[in-house]
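The values are calculated or read from the model by the stated rules, or taken from the named source; none is laboratory data. All values derive from a computational prediction rather than experimental measurement. All Cβ positions, glycine included, derive from the backbone under ideal geometry; neighbour counts span all protein chains shown.
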Amino acid sequence: MYTMKNLIFQLLIICISVIYPGFAQAQSSMPDNWVDYASGEYDIIPNITYSKANNTELKLDLYLPRNRSVPSAALVLFHGGGWVGGAKERNVFQLLPYLSLGWAVINVEYRLAENSPAPAAVEDCRCALRWVVYNARRFNFDISRIVLTGGSAGGHLALTTGMLPAKTKFDRQCPTQGDDRWRNEKEPELRVSAIISWYGIADVADMLECPNAKHYAIEWFGSMDGRMELAKQISPITYVRPGLPLIISIHGDEDDIAPYSQVVRLHKELDKAGVPNKLITIKGAKHNGFSKQALIDSFAEIRDLLKQNNIIK
């Protein structure tokens with residue numbers, strides 16, 4: 001199994017060289033052919049255990065600039081799959097726009113419904129963020145420039161992970177030990193500078209009852225008591241308040257998997273709270289499967305927003 005995973009990561013570098021040139025032409029911030037030397041600029045450290053829960057070792061993969069003399073922005077990616085499926089290895093191409101910026105990237109797995117029902121995935125993603133913050137000095141992450149992202153259920157997890165207040169019950173599973181570099185210092189806060197949600201779920205409770213009930217959401221909760229109250233506790237829309245980081249959503253207005261109406265409500269509430277935010281609507285698009293031009297335009301707008309907020313230097 002380890003040999004197969006190593007092969008996957010070796011193939012990733014080869015695939016970058018094959019498929020990236022067309023995408024690279026659209027990158028206004030790329031003055032040269034980054035793809036030609038990307039493999040010489042990055043280290044990949046797969047399957048680091050960031051936490052353990054329910055007899056499960058939870059893993060993440062690091063994509064690190066080899067030159068770490070200067071702290072780098074860090075992107076944390078949570079995969080999609082309706083909380084019931086998916087795998088971190090299937091999302092590696094989503095990392096490319098951020099690797100081309102010289103960022104560090106952390107690709108995270110979490111417990112799925114067949115292993116542990118809700119709120120396990122939320123707990124795991126909070127622990128992953130804690131691991132990133134507590135290991136920032138070890139890998140030279142700039143903790144003032146941590147960005148969370150993901151698609152679908154991963155978008156929900158990015159939103160919830162970045163919007164939850166400090167020290168909620170969803171942080172209790174996280175390992176208590178930190179990196180020794182923080183010894184005798186005040187614990188760093190689990191704060192992020194931006195959240196980028198691709199067609200993410202904003203109101204989990206809305207997915208458990210008609211007309212928007214979805215099988216994957218129902219499967220995530222199973223037959224547990226009090227599921228509606230828990231669903232509200234892990235819904236991003238519950239935690240809208242002043243002081244949140246920049247929140248960007250990219251969503252098709254015909255999405256029937258993660259209803260577009262949810263993200264519209266979320267951004268209206270963000271506006272009311274004075275939170276910097278942007279809803280990028282893909283006209284006529286359903287869930288995922290955006291056109292090449294829609295992706296190019298979306299990433300151009302994302303980069304502009306990150307620059308305006310001093311996250312891209």
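Please go through segment 44-79 and pick out each residue that is under 18 Å from residue 94 (Cβ atoms) and of a type in the set (Lys, Arg). Correct list: 59 only. Which one is modelled with the highest pLDDT among residues in segment 181-208 that are under 17 Å from residue 141 (Cβ atoms), assigned to a loop (DSSP other than H, G, I, E, B) and not small (Gly, Ala, Ser)? Taking the candidates together, the pick is 192. Which members of segment 74-122 meet the condition of being part of a helix (DSSP H, G or I), touching a strand residue (DSSP E or B) at 6+ places or on another chain (Cβ under 7 Å) and among the charged types (D, E, K, R)? If the condition is that a residue be part of a helix (DSSP H, G or I), touching a strand residue (DSSP E or B) at 6+ places or on another chain (Cβ under 7 Å) and among the charged types (D, E, K, R), then 88 is the only one that fits.
Which of the residues that make up segment 288-313 are part of a helix (DSSP H, G or I) and either closer than 15 Å to residue 103 by Cβ or basic (Lys, Arg) (or both)?
Passing the criteria: 292, 299, 302, 303, 306, 307.
Out of all the residues in segment 173-180, is one or more modelled with pLDDT under 95, in a helix (DSSP H, G or I) and farther than 24 Å from residue 246 by Cα? Checked segment 173-180: at least one residue is modelled with pLDDT under 95, in a helix (DSSP H, G or I) and farther than 24 Å from residue 246 by Cα. Evaluation of residue 280 against the conditions (1) assigned to a strand (DSSP E or B); (2) in contact (Cβ under 8 Å) with a residue 40 or more places away in the chain; (3) farther than 21 Å from residue 123 by Cβ shows that the sole unmet condition is (2). Check whether at least one residue in segment 151-160 is in contact with a Phe, Trp or Tyr (Cβ under 6 Å, 6 or more places away or on another chain), modelled with pLDDT of 95 or more, crowded, with 21+ Cβ neighbours inside 10 Å and on the phi > 0 side of the Ramachandran plot, and report yes or no. Within segment 151-160, one or more residues are in contact with a Phe, Trp or Tyr (Cβ under 6 Å, 6 or more places away or on another chain), modelled with pLDDT of 95 or more, crowded, with 21+ Cβ neighbours inside 10 Å and on the phi > 0 side of the Ramachandran plot. Looking at 285, 258, just one residue is buried (at least 16 other Cβ atoms within 10 Å of the Cβ), under 18 Å from the mean Cα position of the chain (by Cα), assigned to a loop (DSSP other than H, G, I, E, B) and of a type outside the set (Val, Ile, Thr), and that residue is 258.
When the residues of segment 288-313 are filtered to those that are more than 22 Å from residue 74 (Cβ to Cβ) and among the small types (Gly, Ala, Ser), which remaining residue is modelled with the lowest pLDDT? Ranking the candidates gives 289 first. Hey, any hits in segment 182-198 for a residue that's closer than 18 Å to residue 82 by Cβ, of a type outside the set (S, T, N, Q), in contact (Cβ under 8 Å) with a residue 24 or more places away in the chain and crowded, with 18+ Cβ neighbours inside 10 Å? Taking every residue of segment 182-198 in turn, at least one turns out to be closer than 18 Å to residue 82 by Cβ, of a type outside the set (S, T, N, Q), in contact (Cβ under 8 Å) with a residue 24 or more places away in the chain and crowded, with 18+ Cβ neighbours inside 10 Å. The C-beta contact set for segment 140-162 (first residue of a type in the set (Asp, Glu), second residue in a helix (DSSP H, G or I), distance under 9 angstrom, 6+ apart or interchain) comprises 142/136.
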